[in-house]
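The values are calculated or read from the model by the stated rules, or taken from the named source; none is laboratory data. On a predicted model such as this, the values are computed, not experimentally measured, just so you know. Note: ideal-geometry Cβ built from the backbone for every residue, glycine included; neighbour counts use all protein chains shown.
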Amino acid sequence: MVLQRVKKDVKPTLTGAIIGDIAGSRFEFTNHKSKNFELFTQDCRPTDDTIMTLAIAKAIMETEKKMQALSNGTPSTVIIIHFLKAWLSGICRR
């Protein structure tokens, strides 16, 4: 299945994005440039970017059957791009 492969390849990337977002959350509105800092502190929190990353990942995974029906041999990247464009244009119209 096309999306099973995508899920397997994307999971480490999503995990890294979420960890990086939470670890950097305490610096979100500051001009912190040092690479020397404690990774997680009590000030670290999920941000709106964390939530949006999870929402988009969930939307893609929940549409696996629909994507497979539409694919007809089309490369998975093209399918995902078309899906994201349609999904985002629907959100923008609301």
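ASP43 versus (1) in a loop (DSSP other than H, G, I, E, B); (2) surrounded by 10 or more Cβ atoms within 10 Å (Cβ to Cβ): which is the lone unmet condition?
That leaves (2) as the condition not met.
So ASP48 passes all but one of these: (1) exposed (fewer than 12 other Cβ atoms within 10 Å of the Cβ); (2) closer than 20 Å to TRP87 by Cβ; (3) modelled with pLDDT under 90. Which condition number does it fail?
Single failed check for ASP48: (3).
Count, please, the residues in region 17-37 that happen to be aromatic (Phe, Trp, Tyr) and either assigned to a loop (DSSP other than H, G, I, E, B) or in contact with a strand residue (DSSP E or B) (Cβ under 8 Å, 6 or more places away or on another chain) (or both). Reasoning before the result, please.
Taking region 17-37 first, the residues aromatic (Phe, Trp, Tyr) are 27, 29, 37.
Add one more test, that the residue is either assigned to a loop (DSSP other than H, G, I, E, B) or in contact with a strand residue (DSSP E or B) (Cβ under 8 Å, 6 or more places away or on another chain) (or both), and what stays is 29, 37.
Count: 2.
Within region 54-68, identify whether any single residue is at pLDDT below 85, polar (S, T, N, Q) and either surrounded by 10 or more Cβ atoms within 10 Å (Cβ to Cβ) or out of contact with any His (no Cβ under 9 Å at 6 or more places or on another chain) (or both), and answer yes or no.
Looking for residues that are at pLDDT below 85, polar (S, T, N, Q) and either surrounded by 10 or more Cβ atoms within 10 Å (Cβ to Cβ) or out of contact with any His (no Cβ under 9 Å at 6 or more places or on another chain) (or both), one finds at least one in region 54-68, hence yes.
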